[in-house]
Amino acid sequence: MFYFDEINGKKILKSSVLSGLSHFFTTRETVIKTKEPDFEEIVEKNKKDVCEYLGIDERNLIHPSQTHTSNVDIARVGVSSYPDTDGLILNNKEQAVFLNFADCTPVIIYDPVQRIAAVSHAGWRGTAGQIAAKTVQKMRDKFYSDPADLKAAIGPAISFCCYNVGEDVYRQLMVSVRNCENLSEIRQGNIFVDLKGINKRQLIEAGLKIENIDVCPFCTVCNNDLFFSYRKENATTNRHSAVVKL
């Protein structure tokens with residue numbers, strides 16, 4: 001279940017499935033990523049608040065250079081540059097990892113046994129490239145994670161109600177899962193797909209238990225008062241973020 005908490009009186013969103021992991025999704029109030037001058041001062045203040053909340057130096061609050069790939073890397077102490085990377089696994093307590101979103105799907109995955117966590121950026125390209133499943137596989141290969149132990153939270157993103165796509169995108173998304181039943185529908189001649197649902201299906205097919213996957217009910221378009229939307233806000237550069245720290 002998702003629920004709101006606060007950092008210095010400003011809203012963040014958490015999932016009860018990830019209890020034991022320091023994590024949250026920022027909102028419009030706690031934005032820490034922008035390219036818009038009007039938001040720069042707010043972002044700098046929020047970053048300081050986030051680092052204080054997490055108990056880390058700002059140099060250790062890191063994020064990859066997201067380019068809509070399905071590439072997954074491992075965070076390394078002292079390293080802040082991760083080019084062409086859309087999934088980052090954290091296995092140290094010195095750093096905190098955040099990735100940025102404005103309609104794309106955030107996926108946080110936590111292994112309470114091996115004590116590692118990951119954040120993946122699953123836009124339609126990342127979802128078609130099975131980035132969530134690839135993150136699970138890397139956690140298995142590098143840290144011996146058992147998918148049955150993993151817990152996942154699929155965060156605020158554009159939802160089934162609002163995500164219409166062209167036929168080419170639709171086809172690429174549908175072949176990313178073995179079972180694509182109930183993940184798309186035609187409405188007045190337009191194709192709508194369930195991006196959150198596809199990522200959930202990929203995680204289940206990767207071995208996660210259904211009861212260990214929490215799907216956020218908030219749509220970034222419908223709930224634009226809480227979260228940023230690239231589609232609704234004419235290509236805004238503001239982003240909400242998924243943040244994890246062990």
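Structure above, values below:
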| quantity | calculated |
| --- | --- |
| Difference of contour (0.36 nm per residue) and Cα-Cα distance, Ser65 to Ile186 | 40.1 nm |
| Simple Cβ-charge dipole of segment 191-246, Lys/Arg +1 and Asp/Glu -1, about Cα centre, in debye nearest 20 | 120 debye |
| Environment charge of Lys200, counting only residues whose C-beta is closer than 14 Å and scoring Lys/Arg +1, Asp/Glu -1 | 0 |
| Likely footprinting exposure, Phe192, Phe24, fewest C-beta neighbours within 10 Å first | Phe192, Phe24 |
| Two-decimal Rg to Rh for segment 108-246 - Kirkwood Rh, Cα set | 0.97 |
| Counting all C-alpha pairs of the chain, share separated by more than 31 Å (%) | 16 percent |
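Values in this text are rule-based calculations from the coordinates and carry no lab data. Computed from a prediction, not measured in an experiment: that's the story for all the values here. Every residue, glycine as well, gets a Cβ built from its backbone with ideal geometry; the counts of neighbours run over all protein chains shown.
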